[in-house]
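One structure is given here, and the rest of the page talks about it.
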Amino acid sequence: MAFLDVPGARLRYDVCGEGRPLVFVHGAGANATVFFQQVAHFSKRYRVICLDMRGFGGSICDAETFHPRQFSQDLARLLDVEAPEGKVAVVCQSMGAWSGLPLAVREPDRFAALVLSGSPTPAYGPHHKVLEVVSERFRRVAAGEKVPPQDLGFSERFVRERPELIALYQMLARMNQKINLSTITDPELRILPEDFVGYNVPTMVMGGVQNRLLGGETHLMAARCIPGAQSYTFTESGHSSYYEEPDHYNRVVEEFLVAQGYVPEENKV
């Protein structure tokens, strides 16, 4: 593991494997460790970098000054250190989109590809209404209320068949700092249509049909707000397809990266 000091926080991240960098940014429910099934797969071909966002896992921040606007700045500082030359591929789960997409809009030359998974994204549109539900869910969790796994977006099948992975996810969530995530709805975080003028980062927005947290079609609406974005739908999983059906998820991400020419060094022509 490694640490990076940034304004108001000390970020922890993990690097595994060798080759071209592939960055994973988690959502609000867990932390970087939740990507263990992606690390096992992609680190055989890429240098996988998993970031604990500020306030999550081992990344401690000043709770008094915490705001999601800092997420993309933190990602930029990480790329300065771990990928200072050339473009990188970044995969963001759920709230992680508030890290990857604003940076891709501001500094597209950093990106070879961007994957947004299980997220309404900060690209503003009618689908943003769902963020009010998400904000309320965050409030309930922060208050110590017990929220059923289905209300966090897991499919009924996964909750029934994989209780050990639900328990692991809940353990990871308890490692996180108590911070106010309701500000994810702040208008200043919205990326408006005019902000996307000239946007050309290859982007894919993915989501699961069994997503009770956001709804099964929110990712399709979000993709339509991002110029040129592709979409992909997982029919057998919910909000966290990377966690529920990792083999399927990993294959889709890898095929997207290859289609953008972002292949391991030994496979480059």
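Nothing in this text is a laboratory measurement; each read-out follows from the coordinates by a stated rule. Since the model is a prediction, treat every value here as computed from it, not as a measurement. Cβ: placed from backbone, ideal geometry, glycine included. Neighbour counts: every protein chain shown.
Some values worked out for this structure:
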item	result
Prolate/oblate/rounded call for the range 79-124, Cα gyration tensor, a/c under 1.5 rounded	prolate
Within-11-Å neighbourhood charge of Ser43 [Cβ basis; K, R +1; D, E -1]	+1
Computed helical MRE - 222 nm, the chain, DSSP H runs ≥ 4 contributing -39500 (n - 2.57), nearest 500	-9000 deg cm²/dmol
Label-reachable residues, the range 101-124, where backbone N falls under 19 Å from a point 7 Å from Val6's Cα toward its Cβ	101-117, 121-123
Whole-angstrom gap from the range 63-111 to the range 16-55, using each part's C-alpha centre	14
Cleavage-rule hits, GluC sites (Glu not before Pro), the range 43-98, DSSP coil, Cβ neighbours within 10 Å at most 13	Glu85
Formal net charge of residues neighbouring Ser237 (Cβ-Cβ distance under 14 Å; K, R +1; D, E -1)	-1
Relative contact order (percent, whole number), the range 123-242, Cα cutoff 8 Å, 6+ residue spacing	35
Extension gain, Glu188 back to Asp62 (0.36 nm per residue minus Cα-Cα distance, nm)	43.3 nm
Prolate/oblate/rounded label for the chain (Cα gyration tensor, a/c 1.5)	rounded
Local electrostatic count at Arg110 - Lys and Arg +1, Asp and Glu -1, tallied over other residues with Cβ under 14 Å	-2
Selection from Gly261, Gln170, His239, by position along the positive dipole direction of the range 154-269 (Cβ)	Gln170
Gain on full stretching of the segment that runs from Ala76 to Ala259 - 0.36 nm per residue minus C-alpha separation	63.4 nm
Farthest toward positive dipole pole in the range 100-222 [+1 Lys/Arg, -1 Asp/Glu at C-beta], among Thr185, Phe158, Tyr124	Phe158
Whole-number percent relative contact order across the range 43-115, with pairs defined as alpha carbons under 8 Å at least 6 apart	28
Computed magnitude of the charge dipole of the range 1-58 (debye, nearest 20; Cβ of K, R +1, Cβ of D, E -1)	140
Charge dipole magnitude, Cβ of K and R +1, D and E -1 - the chain, Cα centre, debye nearest 20	300
Cα-centred dipole magnitude for the range 107-210, charges only on beta-carbon of K, R (+1) and D, E (-1), debye, nearest 20	500
Estimated inter-spin distance, Arg224 and Lys44, nm [label 7 Å along Cα→Cβ]	3.9
